[in-house]
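Quick notes on the structure that follows.
The values are calculated or read from the model by the stated rules, or taken from the named source; none is laboratory data. This structure is a prediction, so every number in the text was calculated from the model and none was measured. Counting neighbours? That spans all protein chains shown, and the Cβs are built from the backbone with ideal geometry, glycine included.
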């Protein structure tokens with residue numbers, strides 16, 4: 001008669017190895033998180049704006065204006081930190097809506113030369129998503145009126161996040177309580 005014990009123990013061992021890979025990558029992300037903020041052009045701009053962001057409400061007009069003013073630092077930051085949805089984008093043709101994942105000057109389908117940059121969270125992996133979620137929670141602690149649930153709702157619209165992933169985020173809020 002078949003005894004599943006050996007196969008189950010092998011399965012447990014394999015899953016442990018996979019989880020260890022995730023843990024190792026998360027530990028690497030924890031050690032290296034946002035280190036680009038310690039170098040130019042980010043440091044100088046974050047020195048100026050971090051105190052202003054603390055007293056602003058996430059998603060407010062004032063907050064959005066600060067982001068515009070911080071553009072050189074944020075462009076550098078997003079390019080160097082894949083836990084931000086802005087790291088992943090595509091250029092959408094304004095004529096036929098074809099997606100281009102590299103820079104184009106003219107659409108090869110319709111010949112249109114105007115494009116809209118779209119953020120594409122679907123290019124992120126699970127590690128990116130976990131680091132992003134932890135980053136969101138940490139950011140709420142830096143705002144006088146920070147609230148992770150409110151941030152999730154704002155980011156749902158901001159990054160066009162699916163209802164399923166939003167539910168997973170909401171189910172995970174209690175991990176930080």
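Among the residues of the range 85-105, is any closer than 21 Å to residue 154 by Cα, within 19 Å of the chain's Cα centre (by Cα), modelled with pLDDT of 95 or more and loosely packed, with under 10 Cβ neighbours inside 10 Å?
Step one: of the range 85-105, the residues closer than 21 Å to residue 154 by Cα are 85-89.
With within 19 Å of the chain's Cα centre (by Cα) added as a condition, the list becomes 85-89.
Now narrow it down to the ones that are modelled with pLDDT of 95 or more: 85-88.
Checking the rest, the ones that are also loosely packed, with under 10 Cβ neighbours inside 10 Å come to none.
Looking through the range 85-105, none of the residues is closer than 21 Å to residue 154 by Cα, within 19 Å of the chain's Cα centre (by Cα), modelled with pLDDT of 95 or more and loosely packed, with under 10 Cβ neighbours inside 10 Å.
Loosely packed, with under 14 Cβ neighbours inside 10 Å and free of Cβ contacts under 8 Å to residues at least 60 places away in the same chain: does that describe residue 142?
Working: loosely packed, with under 14 Cβ neighbours inside 10 Å: yes; free of Cβ contacts under 8 Å to residues at least 60 places away in the same chain: no.
Criteria not met by residue 142.
State whether the residues of the range 112-124 include one that is in a helix (DSSP H, G or I) and buried (at least 17 other Cβ atoms within 10 Å of the Cβ).
Let us first name the residues in the range 112-124 that are in a helix (DSSP H, G or I), namely 121-123.
The next check asks that each one be buried (at least 17 other Cβ atoms within 10 Å of the Cβ); those that pass are 121.
Looking for residues that are in a helix (DSSP H, G or I) and buried (at least 17 other Cβ atoms within 10 Å of the Cβ), one finds at least one in the range 112-124, hence yes.
Given the conditions (1) over 16 Å from the mean Cα position of the chain (by Cα); (2) not in a loop (DSSP other than H, G, I, E, B), and given that residue 145 satisfies all but one, which numbered condition is not satisfied?
Only one criterion in (1) over 16 Å from the mean Cα position of the chain (by Cα); (2) not in a loop (DSSP other than H, G, I, E, B) is unmet by residue 145, namely (2).
Does residue 156 satisfy the criteria of being part of a helix (DSSP H, G or I), surrounded by 13 or more Cβ atoms within 10 Å (Cβ to Cβ), out of contact with any strand residue (DSSP E or B) (no Cβ under 6 Å at 6 or more places or on another chain) and touching a residue at least 12 places away in the same chain (Cβ under 8 Å)? Can you show your working first?
Working: part of a helix (DSSP H, G or I): yes; surrounded by 13 or more Cβ atoms within 10 Å (Cβ to Cβ): yes; out of contact with any strand residue (DSSP E or B) (no Cβ under 6 Å at 6 or more places or on another chain): yes; touching a residue at least 12 places away in the same chain (Cβ under 8 Å): no.
Spelling it out, it is not the case that residue 156 is part of a helix (DSSP H, G or I), surrounded by 13 or more Cβ atoms within 10 Å (Cβ to Cβ), out of contact with any strand residue (DSSP E or B) (no Cβ under 6 Å at 6 or more places or on another chain) and touching a residue at least 12 places away in the same chain (Cβ under 8 Å).
Can you confirm whether residue 104 is in a loop (DSSP other than H, G, I, E, B), out of contact with any strand residue (DSSP E or B) (no Cβ under 8 Å at 6 or more places or on another chain) and farther than 15 Å from residue 135 by Cβ?
Values: in a loop (DSSP other than H, G, I, E, B): yes; out of contact with any strand residue (DSSP E or B) (no Cβ under 8 Å at 6 or more places or on another chain): no; farther than 15 Å from residue 135 by Cβ: yes.
Spelling it out, it is not the case that residue 104 is in a loop (DSSP other than H, G, I, E, B), out of contact with any strand residue (DSSP E or B) (no Cβ under 8 Å at 6 or more places or on another chain) and farther than 15 Å from residue 135 by Cβ.
Within the range 14-25, is even one residue touching a helix residue (DSSP H, G or I) at 6+ places or on another chain (Cβ under 8 Å) and either surrounded by fewer than 12 Cβ atoms within 10 Å (Cβ to Cβ) or under 26 Å from residue 148 (Cα atoms) (or both)? Working first, answer last.
Filtering the range 14-25 for residues touching a helix residue (DSSP H, G or I) at 6+ places or on another chain (Cβ under 8 Å) gives 22, 25.
Add one more test, that the residue is either surrounded by fewer than 12 Cβ atoms within 10 Å (Cβ to Cβ) or under 26 Å from residue 148 (Cα atoms) (or both), and what stays is 22, 25.
Within the range 14-25, one or more residues are touching a helix residue (DSSP H, G or I) at 6+ places or on another chain (Cβ under 8 Å) and either surrounded by fewer than 12 Cβ atoms within 10 Å (Cβ to Cβ) or under 26 Å from residue 148 (Cα atoms) (or both).
Can you tell me which residue is surrounded by the fewest Cβ atoms within 10 Å (Cβ to Cβ) among those in the range 159-177 that are under 13 Å from the mean Cα position of the chain (by Cα) and in a loop (DSSP other than H, G, I, E, B)?
Residue satisfying both the conditions and the ranking: 160.
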